[in-house]
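Peer 1: Following this message is one structure expressed as structure tokens.
The values are calculated or read from the model by the stated rules, or taken from the named source; none is laboratory data. Note that this is a predicted model, so its numbers are computed, not measured. Ideal geometry is used to build each Cβ from the backbone, glycine not excepted, and the neighbour counts take in all protein chains shown. Side chains are part of the model used for accessible areas, which takes the heavy atoms of the whole protein and leaves out ligands, DNA and RNA. Shrake-Rupley method; radii C 1.70, N 1.55, O 1.52, S 1.80 Å.
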Amino acid sequence: MPHGRRRSGHPPLAEVLGGGLPANGISIIMGLPGTGKTIIAQQYTFHNARPDRPAVYFSTLSEPLEKILRFGQNLGFFDASAVGTSVFYEDLGLVAGRDGLAGVGDHVAAVLKQRRPGLVVIDSFKALQVLAVGDAEFRQFLHQLAGRLSAFPAASLWVGEYEADEVALSPEFAVADAIVELATVPAGQREKRFLSVRKLRGSGFRSGQHGYRLTPEGLHLFPRLADIPAAGGYPLGDRRIPSGIPGLDPMLGGGLWPGACTMVAGPPGSGKTVMGLHFIFGGTQQGEPGVIATLQENPTQLQRMLGGLGWPTGHPAVEVMYRSPVDIYIDEWVYELLAAVERTGARRVLLDSLMDVRMAAVEETRFLEFMYSLAQRFSRQGISLLTTYEMPGFGTAPSPSGVAVSHLADNVIMIDYHRERGTLKRSLAIVKTRASGHSVDMCEFRIGPDGITLGDIATPGDAPATGHRHDTARPDSPCPPQ
């Protein structure tokens with residue numbers, strides 16, 4: 001940990017803060033009511049309190065001290081035995097009402113001298129503004145208080161119900177060494193919580209918005225996944241791995257490269273998930289464990305699909321990680337996925353589907369950044385990733401070049417429907433293989449009890465169901481005969 005930092009006891013928060021909050025500085029925790037400011041302040045309080053360097057928690061004119069204590073006792077980190085020995089609560093509201101700002105400053109100075117704390121919390125600091133006759137009086141109080149706190153070797157947390165535009169207007173932000181903002185952002189019919197660091201003097205930190213949840217154990221943070229490209233190269237296997245689908249590897253130029261990201265795109269019901277399952281269970285035959293990260297089929301639906309295709313529903317080398325897309329934080333979900341990959345030693349991952357991940361990411365830039373970082377991290381570890389992407393239905397499907405994430409994939413396989421003599425048939429084509437040649441033919445395939453079986457070259461027939469023209473194949477097509 002960098003010298004002179006205060007941690008909350010929650011490692012992801014220290015990671016975002018570059019080690020923690022300044023140990024001898026002033027930090028502001030800002031956000032609208034209900035964002036969790038008091039919870040995070042109390043996490044710092046109990047984690048840093050020591051009998052010889054206690055923590056002092058001042059309440060002011062916002063929430064009554066009794067209410068802070070009553071709700072705090074329901075949190076997992078709250079230690080009742082520490083109250084009165086290493087954690088001391090003080091009600092500044094009574095002092096403020098009787099003696100004004102001058103009395104507040106004198107009382108804080110007296111407590112500092114008496115308790116000699118290592119951490120001082122003032123909640124709410126913004127509420128003290130109403131005690132000032134004018135801006136000049138509040139600035140004078142602020143100057144004197146900051147001087148007293150800076151002269152004493154203690155970390156100070158000022159909690160306040162500030163809005164984003166107040167950072168440029170309120171004088172307390174100028175003296176703060178760190179500013180942490182908690183925000184609740186509407187996302188359709190849902191709301192998501194984000195933490196961001198607005199300022200951290202003399203230190204680096206993780207920029208951007210980081211998702212968090214408020215739990216009985218306190219604030220749980222999920223740092224934004226934003227991998228920086230690795231300096232120089234990193235080792236990757238030089239032998240291709242099988243896709244898991246008989247007959248597909250020749251179309252891919254010999255198989256997939258280890259650590260590659262493959263996207264399978266197609267309309268609903270075309271076989272994207274089945275192709276992903278081939279990829280996962282084909283890996284188990286090569287001694288490669290896999291993780292199925294699905295936001296589509298729930299475990300019951302997936303078991304039915306596996307049973308119908310002859311694959312075991314409880315394979316020891318395959319872990320299924322299902323999460324409902326209804327209430328999901330993309331940042332929380334990805335850390336669960338990374339933990340599952342590490343725990344199982346997985347070498348293959350199926351992500352089903354990208355459209356659900358896009359919805360969970362709230363906005364396009366965050367989604368693209370997330371997918372780039374995830375693909376890069378897996379690539380460095382030699383873990384092969386297959387994603388599914390649902391394209392619109394019949395007659396409206398765009399060309400693969402219109403898929404916004406195709407540039408993030410090393411390989412793109414497009415699944416389509418076409419009509420032949422009044423019959424609707426499935427076909428696939430290799431649209432892209434990075435650093436490799438590939439077939440340009442479109443091959444028919446069927447889904448049966450054994451999964452996907454490739455067949456003949458797709459012929460123009462009546463017309464493609466999705467409006468794409470299927471060119472006549474070359475005589476040397478790698479499509480296997482039926």
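Peer 1: Do you know which residues across the range 324-354 are among the charged types (D, E, K, R) and either over 20 Å from Val264 (Cβ atoms) or exposed (fewer than 13 other Cβ atoms within 10 Å of the Cβ) (or both)? Even if it seems obvious, please write down each step before you answer.
Peer 2: As a first pass, look at the range 324-354 and keep what is among the charged types (D, E, K, R): 327, 331-332, 336, 342-343, 347-348, 352.
Residues satisfying the conditions are Asp327, Asp331, Glu332, Glu336, Glu342, Arg343.
Peer 1: In the range 114-150, which residue that is in a helix (DSSP H, G or I) and more than 19 Å from Leu101 (Cβ to Cβ) is least open to solvent (accessible area, probe 1.4 Å)?
Peer 2: Initially, the range 114-150 is screened for residues in a helix (DSSP H, G or I), giving 114-115, 126-131, 135-150.
Now narrow it down to the ones that are more than 19 Å from Leu101 (Cβ to Cβ): 114-115.
Numbers: Gln114: 127, Arg115: 72 Å².
In this case the residue turns out to be Arg115.
Peer 1: Conditions first: (1) of a type outside the set (A, V, I, L, M, F, W, C); (2) touching a Phe, Trp or Tyr at 6+ places or on another chain (Cβ under 6 Å); (3) open to solvent by 50 Å² or more (accessible area, probe 1.4 Å). Gln285 passes all but one, so which condition is the exception?
Peer 2: All conditions pass for Gln285, except number (2).
Peer 1: Ok, one more. Among the numbered conditions (1) touching an Asp or Glu at 6+ places or on another chain (Cβ under 6 Å); (2) of a type in the set (A, V, I, L, M); (3) modelled with pLDDT under 95, tell me where Ile68 comes up short.
Peer 2: (1)
Peer 1: Can you name the residue in the range 179-217 that is of a type in the set (A, V, I, L, M, F, W, C) and farther than 20 Å from Pro33 by Cα and is also least open to solvent (accessible area, probe 1.4 Å) among such residues?
Peer 2: Leu200
Peer 1: Related question: Quick check on the range 151-170: of everything there that is open to solvent by 40 Å² or more (accessible area, probe 1.4 Å) and outside any helix (DSSP H, G or I), which residue is nearest to Leu94 (Cα to Cα)? I'd like the intermediate steps shown before the answer.
Peer 2: First pass over the range 151-170, keeping only residues open to solvent by 40 Å² or more (accessible area, probe 1.4 Å): 151, 153, 161, 163-165, 168-169.
Those still in the list that are outside any helix (DSSP H, G or I) too: 153, 161, 163, 169.
Values: Pro153: 27, Glu161: 20, Glu163: 26, Leu169: 28 Å.
If we take residues in the range 151-170 being open to solvent by 40 Å² or more (accessible area, probe 1.4 Å) and outside any helix (DSSP H, G or I), then Glu161 is nearest to Leu94 (Cα to Cα).
Peer 1: Looking at Thr396 and the list (1) at pLDDT 55 or above; (2) within 19 Å of Pro268 (Cβ to Cβ), which single condition is not satisfied?
Peer 2: (1)
Peer 1: Filter the range 42-85 down to the residues that are within 19 Å of Val111 (Cα to Cα), part of a loop (DSSP other than H, G, I, E, B) and among the hydroxyl-bearing types (Ser, Thr, Tyr), then identify the one that is nearest to the chain's Cα centre (by Cα).
Peer 2: The extreme case among them is Thr60.
Peer 1: Within the range 185-199, can one find any residue that is small (Gly, Ala, Ser) and part of a loop (DSSP other than H, G, I, E, B)? Walk me through how you get there before you give the answer.
Peer 2: Start the filter on the range 185-199 by keeping residues that are small (Gly, Ala, Ser), which leaves 187-188, 196.
Still in the running and part of a loop (DSSP other than H, G, I, E, B): 188.
Looking through the range 185-199, at least one residue is small (Gly, Ala, Ser) and part of a loop (DSSP other than H, G, I, E, B).
Peer 1: Within the range 218-253, how many residues are in contact with a strand residue (DSSP E or B) (Cβ under 8 Å, 6 or more places away or on another chain), in a loop (DSSP other than H, G, I, E, B) and open to solvent by less than 80 Å² (accessible area, probe 1.4 Å)?
Peer 2: Number satisfying all stated conditions: 9.
Peer 1: Now for a separate question. Among the residues of the range 87-102, is any exposed (fewer than 14 other Cβ atoms within 10 Å of the Cβ) and assigned to a loop (DSSP other than H, G, I, E, B)?
Peer 2: Scanning the range 87-102 turns up no residue that is exposed (fewer than 14 other Cβ atoms within 10 Å of the Cβ) and assigned to a loop (DSSP other than H, G, I, E, B).
Peer 1: Do we find a residue being farther than 24 Å from Thr215 by Cβ and of a type in the set (Phe, Trp, Tyr) anywhere in the range 73-84?
Peer 2: no
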